[in-house]
Every structure is written in structure tokens, then in C-alpha cells.
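Derivation of every value follows stated rules applied to the coordinates shown; laboratory data play no part. The structure displayed is predicted, hence computed values, not measured ones. Heads up, the Cβs are rebuilt from the backbone with ideal geometry, glycines too, and the neighbour counts pull from every protein chain shown.
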Amino acid sequence: MYAPLQNRDDILRMFVDMIDHRQKILDRCISLPVAKLNDPVYPGTWGVLENLSHIAWAQMLMLGWIVRRPNAFPREEYPKPCPHDLDACRTALDEAMTATIALLKENPETVLMEKCVFGKALTEQTVGGIIYHMIEHEIAHRAFVYHKLAKVEGK
């Protein structure tokens, strides 16, 4: 089970930090040609745009599991990944964060302790646990993105 976050204000503060980092990354991407944004840097890994697309897709996927609680999220309803295009990634990231914040604000804080199932194994989680996973997932991918941006920028 993921760590079950229980405080909405703390989660919203973490989201502000995520939004800030997303903007810094997107600002750096603007000056780079598409070829560099798609450069995996290391063979067999993802480029910056594929990472950004994945971050947005994964946030919407995790949100889908939360919205369907306590039931499973049918695979045929999973979100489609956004194209590996900077504008599409920007929009998808904004929409995923907006939808997640709306869910938090539209529900009482006790929603964070509600039971969910998550993933292929249908492991029992809480809404706060899935949000914890959402945050840690993005932080991990963000580290790759910052590293790869530095490499393609020649730093």
C-alpha cells in the first residue's frame, strides 16, 4: 500500500511545486528543436516529450482509478497518451492537474481515506495513497527530464 496522504492542504502545496517544476521544464523546452526533445539521450529510453506525455497520461490514469472507487477502472476506458508534441503535452499536463485539483476541492478531506483498488493486481489503496503514488511517480520522471534536458542543451 502506498503512504496514505491525509491532508488536502499539504497535497495542494505539493501540487503547486509540481506545477512550478512543470512550467520550468516547459519553458526550457520552448527553445529546443523537436529532434532534441525526442532524443532519448540513452538508447532505449524515452526522450523529454515522451516522458512529459507519460506523466500526463499516468496522472489521468491514477485519477481514473480514484473516480471509479471502490470499483476497478476498466482497461478499455484508460486515457489515451497525448502526442509527443510540446503543445499537446502542455495541455495534457494542465488538464490532468486541473482535474486532480478539482477532485480534491469538490470532496471533503475524508475522501483521502476512502478505499480504492489500483493497478493490474487490484491492490487495495486509499485515495490519498494513489495521490502519493501520483506525486512520487512524477518526481521520478521529472528527474529524468531535467537530466535529459541538460544533456540535449549541452550542459
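Listed values, structure above:
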item: In the range 116-140, residue nearest to L12 (Cα to Cα) [restricted to those that are surrounded by 13 or more Cβ atoms within 10 Å (Cβ to Cβ) and small (G, A, S)]; result: G128
item: Hits in the range 81-99 - residues which are of a type in the set (D, E, K, R) and in contact (Cβ under 8 Å) with a residue 12 or more places away in the chain; result: D85, R90, E95
item: Test result for P43, in contact (Cβ under 8 Å) with a residue 12 or more places away in the chain and not small (G, A, S); result: no
item: Qualifying residue in the range 108-115 (condition: over 14 Å from L149 (Cα atoms), surrounded by fewer than 13 Cβ atoms within 10 Å (Cβ to Cβ) and under 17 Å from the mean Cα position of the chain (by Cα)); result: no
item: Residue match in the range 34-50 (condition: surrounded by 13 or more Cβ atoms within 10 Å (Cβ to Cβ), closer than 17 Å to I135 by Cβ and in contact with a Pro (Cβ under 6 Å, 6 or more places away or on another chain)); result: no
item: Residue selected from the range 13-33 under the condition closer than 18 Å to L112 by Cβ and surrounded by 13 or more Cβ atoms within 10 Å (Cβ to Cβ), by the criterion farthest from the chain's Cα centre (by Cα); result: M14
item: Residues satisfying the stated conditions in the range 75-100, i.e. within 19 Å of Q125 (Cα to Cα), in contact with a helix residue (DSSP H, G or I) (Cβ under 9 Å, 6 or more places away or on another chain) and not polar (S, T, N, Q); result: Y78
item: Only one of I55, I66 that is among the aliphatic types (A, V, I, L, M), under 30 Å from N107 (Cβ atoms) and in contact with a Lys or Arg (Cβ under 9 Å, 6 or more places away or on another chain); result: I55
